[in-house]
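Right, one structure below, let's go through it.
The values are calculated or read from the model by the stated rules, or taken from the named source; none is laboratory data. Quantities reported herein were computed from a predicted structural model and do not represent experimental measurements. Neighbour counts are summed over all protein chains in view; Cβ atoms, including those assigned to glycine, are modelled from backbone coordinates with ideal geometry.
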Amino acid sequence: MSAEAKPTSVSRSIKTMLVFPGDTNYHGTMFGGNLMKYIDEICVIAAMRHCGRRVVTASTDSLDFKSPVYMGEAVELEAFVSWTGRTSMEIYCIVRAENLERGERRTTVTCFNTFVAVDENGKPAEVPKVVPETEVEKKLYASAPERAERRRNRREEQFYIDE
């Protein structure tokens, strides 16, 4: 039997950092791969805060880069559990860039990642349900079953080429 349901605020995780030259490509913008790594890390923290267990990444929905993050800007990643299945958790992540000199902030990326909680043997483990608190969280929660169905369909449609 799974633990008592937890509010979204329990899992909310935020990471903010400066973008330095080593984080950027030859355009002077943050490497997309680095940002993807940071997204996965903040989502792991949110998932573990919710379930209190180790987790593994099951999927990342499309990452659409709406706006670049420039060298010298701050980048803020915010993640929280938006929905749960029996052993899986959907994590919503929003990435914002901020020009600290002008005080201008903008959304650069949003995405959903799915994580599965695992026990000490690496087997899937039940997770607590999540209780959305804000209107945005309630909208994300209500639309989550449709996204979960799309993920299931996508997994069934995938094929692998053996060499």
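Any idea which residue in segment 30-66 is farthest from residue 85 (Cα to Cα), counting only those that are among the hydroxyl-bearing types (Ser, Thr, Tyr) and at pLDDT 95 or above?
Filtering first and then ranking leaves 38.
Mind listing whichever residues of segment 75-95 are more than 13 Å from the chain's Cα centre (by Cα) and under 17 Å from residue 14 (Cα atoms)?
75
Yes or no: residue 141 farther than 29 Å from residue 34 by Cβ and aromatic (Phe, Trp, Tyr)?
yes
I'd like to know if segment 137-148 contains one or more residues that are more than 21 Å from residue 6 (Cβ to Cβ) and assigned to a helix (DSSP H, G or I).
Checking segment 137-148: at least one residue is more than 21 Å from residue 6 (Cβ to Cβ) and assigned to a helix (DSSP H, G or I).
Restricting attention to segment 113-162, and to residues there that are farther than 16 Å from residue 60 by Cβ and β-branched (Val, Ile, Thr), which single residue is surrounded by the fewest Cβ atoms within 10 Å (Cβ to Cβ)?
161
Could you please let me know if residue 6 is farther than 23 Å from residue 103 by Cβ and free of Cβ contacts under 8 Å to residues at least 40 places away in the same chain?
no
Restricting to segment 24-56, give me the number of residues that are more than 16 Å from residue 108 (Cα to Cα) and touching a helix residue (DSSP H, G or I) at 6+ places or on another chain (Cβ under 6 Å).
Going through segment 24-56 one residue at a time, the tally reaches 4.
Kindly indicate which of 92, 70 is touching a Leu at 6+ places or on another chain (Cβ under 6 Å) and not aliphatic (A, V, I, L, M). Talk me through it step by step, then tell me what you get.
Details: 70 fails: touching a Leu at 6+ places or on another chain (Cβ under 6 Å).
Only one candidate passes the filter, namely 92.
Within segment 117-136, count every residue that is under 18 Å from the mean Cα position of the chain (by Cα) and part of a helix (DSSP H, G or I).
Residues that pass the stated criteria total 1.
Within segment 9-26, how many residues turn out to be outside any helix (DSSP H, G or I), out of contact with any Asp or Glu (no Cβ under 8 Å at 6 or more places or on another chain) and either without any contact (Cβ under 8 Å) to a residue 12 or more places away in the chain or within 17 Å of residue 48 (Cβ to Cβ) (or both)?
Number of matching residues: 2.
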